[in-house]
Amino acid sequence: MTATETPHPAFFFDRDGVVNVSPGAGYVLRPEDFHLSPGIAGALAWCKKAGFKLILVTSQQGVGKGLMSQETLDAIHARMQAMLAEQGTAFDGIYACTHLSGTCTCRKPGPEMIFRARDDHGLDLGRSWLVGDHDRDIQMAKNAGVPHTIRILSHHEPRVAADHTLASVAELEDLLQRLFPRS
């Protein structure tokens, strides 16, 4: 970003349970096991058309546990981007913490992934949003100074308040249209 460019607002998205169908208690370990959540491509495309940068922020300690390699994680994300591109959208940046819990500063709810994205993409965090399905996602947004949050309900009992709560990702595009009506 040059000195004359205005910082962009962003939508930060958690991966498992938001962008893709949740693998449950386990991990998506192979590209062929990655399946987009119903409605996510439309919501992402809507955000992009509204002028938001799209940033994925995900904790993937399956790499740190040795359950998959970094190359496999990269292949999963390449499949995700290809699936989204087929529907006219894609993420502008992907940030993944692959470390074990307690062994780094980038793991959620720490703000480091958001700060890296801000620096890499010239983002205005004060006009940004985060969509997640877990307290650690919502808390990461708060810790980074991202003021707007949307929770997708999951099997995790919410303890950290979000601005908006949806039963599923399929409701996201409708909420976005209500929050940001186009003239």
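A few notes on this one:
- Selection within the stretch 47-79: residues that are in contact with a Ser or Thr (Cβ under 7 Å, 6 or more places away or on another chain) and surrounded by fewer than 19 Cβ atoms within 10 Å (Cβ to Cβ). The member of this set that is nearest to Gln139 (Cα to Cα) is Gln61.
- Qualifying residue in the stretch 156-167 (condition: outside any loop (DSSP other than H, G, I, E, B), buried (at least 20 other Cβ atoms within 10 Å of the Cβ) and either at pLDDT 95 or above or within 14 Å of the chain's Cα centre (by Cα) (or both)): no
- Sub-7 Å Cβ pairs linking a first residue in the stretch 108-134 that is farther than 20 Å from Ala50 by Cβ to a second residue that is aromatic (Phe, Trp, Tyr), at least 6 apart or interchain, are Met113/Tyr95; Arg116/Tyr95, ordered by first then second residue.
- From Ala75, Ala96, Ala90, residue being within 14 Å of Gln60 (Cα to Cα), touching a residue at least 24 places away in the same chain (Cβ under 8 Å) and either over 16 Å from the mean Cα position of the chain (by Cα) or assigned to a loop (DSSP other than H, G, I, E, B) (or both): Ala75
- Criterion: of a type in the set (Asp, Glu), out of contact with any helix residue (DSSP H, G or I) (no Cβ under 6 Å at 6 or more places or on another chain) and closer than 25 Å to His156 by Cα - qualifying residue of Asp124, Asp133: Asp133
The values are calculated or read from the model by the stated rules, or taken from the named source; none is laboratory data. Only a predicted model underlies this, so the values are computations on that prediction, with no experimental measurement involved. Don't worry about glycine lacking a Cβ; one is built from the backbone with ideal geometry, like all the others, and counts go over all protein chains shown.
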